[in-house]
1. Inside the range 188-211, can you point out the residues that are at pLDDT below 85 and polar (S, T, N, Q)?
2. Out of (1) at pLDDT below 90; (2) charged (D, E, K, R); (3) touching an Asp or Glu at 6+ places or on another chain (Cβ under 9 Å), the odd one out for GLU57 is which?
3. Please count how many residues of the range 19-59 are assigned to a loop (DSSP other than H, G, I, E, B) and either over 21 Å from PRO7 (Cβ atoms) or without any contact (Cβ under 8 Å) to a residue 60 or more places away in the chain (or both).
4. Do we find that ARG93 is surrounded by fewer than 19 Cβ atoms within 10 Å (Cβ to Cβ), modelled with pLDDT under 90, under 30 Å from ASP29 (Cα atoms) and among the charged types (D, E, K, R) in this structure?
5. Is there any pair with a first residue in the range 200-218 that is surrounded by fewer than 16 Cβ atoms within 10 Å (Cβ to Cβ) and a second that is in a helix (DSSP H, G or I) whose Cβ atoms are under 8 Å apart and which are 6 or more apart or on different chains, and what are they?
6. Suppose we keep only residues that are surrounded by 19 or more Cβ atoms within 10 Å (Cβ to Cβ) and within 22 Å of the chain's Cα centre (by Cα) within the range 48-57. Which one would you say is nearest to SER116 (Cα to Cα)?
7. Of everything in the range 1-18, what is in a helix (DSSP H, G or I) and at pLDDT 90 or above? Give them in sequence order.
Amino acid sequence: MAAASLPLDELANACAEQTQRYSRRRPSDPIHCFELLRRALAEGSPEAFTYVYRIYERQVLIWVHLHPRFEQTGESAEFFANAALNRFYFALRGQKFSQFASLAQVLAYLKACVHSGIAQHIRDHEKLPVLPLEEAWAAADPEDVDAELQAAELWQHICRCLPDDRDQHLARCAFVLNLKPKAIVAAHPAVWRSEREVSLALYRLRQVLRSDPELRQRLGRPAGAEART
């Protein structure tokens, strides 16, 4: 029987089975999980989303634990898993779900919700937000960045350098969430259509940031210094 015509409980059971097969690196079919997500989000079925929550909560918890700054938050993994799944639901319900053509794209967006939730929590709760070396963004080599730079202030200046909302969103995905072009496309297929498009846009953003005198000064790069390769 086709996934679209399966009763909800049978569809959820099939999705759970295929998810287990995928986690064990066995051949799996994403069609049942994608249909379950479609009913939960596009059709707004609360019963379907309850199944989604049960099936994917474990994977979301794994993503939370794997986040490099999770332990700094002082919160439980369940706290961030619940927040990510709720953000995911409200972000993709209704017509917004039609932007996604595959299960992989939907799950990449869910993973992005985990990362953005943890990053936002850290920004909101750190008394003295520090820009880690690995989050020095693209304006200079990480080794040249003063570890005491405050992330919030630096981000505000980057937003002034990049006034376009789309550029700011891409900068946050790449330089704050540390998402690769493939993950960015998967999470936002309606905004960026290919990895090449993302890579070219990131190259342009890096050139803009590197040419800003104040940003170079903040990052300890003399105005006339050549960028390393």
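1. Matches in the range 188-211: GLN207, SER211.
2. All conditions pass for GLU57, except number (1).
3. The qualifying residues number 9.
4. Working: surrounded by fewer than 19 Cβ atoms within 10 Å (Cβ to Cβ): yes; modelled with pLDDT under 90: yes; under 30 Å from ASP29 (Cα atoms): yes; among the charged types (D, E, K, R): yes.
Against the criterion (surrounded by fewer than 19 Cβ atoms within 10 Å (Cβ to Cβ), modelled with pLDDT under 90, under 30 Å from ASP29 (Cα atoms) and among the charged types (D, E, K, R)), ARG93 qualifies.
5. Between residues of the range 200-218 that are surrounded by fewer than 16 Cβ atoms within 10 Å (Cβ to Cβ) and residues that are in a helix (DSSP H, G or I), the close pairs are GLU214/HIS157.
6. Applying the filter and picking the extreme gives TYR56.
7. LEU8, ASP9, GLU10, LEU11, ALA12, ASN13, ALA14, CYS15, ALA16, GLU17, GLN18, listed by residue number.
Results for (1) within 21 Å of the chain's Cα centre (by Cα); (2) over 25 Å from ASN178 (Cβ atoms); (3) buried (at least 19 other Cβ atoms within 10 Å of the Cβ), shown as yes or no for each residue.
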site	(1), (2), (3)
PRO27	no, yes, no
LEU36	no, yes, yes
ALA40	yes, yes, yes
PRO46	no, yes, no
GLN59	yes, no, no
TRP63	yes, no, yes
LEU66	yes, no, no
TYR89	yes, no, no
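The values are calculated or read from the model by the stated rules, or taken from the named source; none is laboratory data. Here the structure is a predicted model, which is why all the values come from computation and not from measurement. As a convention, Cβ positions derive from the backbone with ideal geometry for all residues, glycine included, and neighbour counts pool all protein chains shown.
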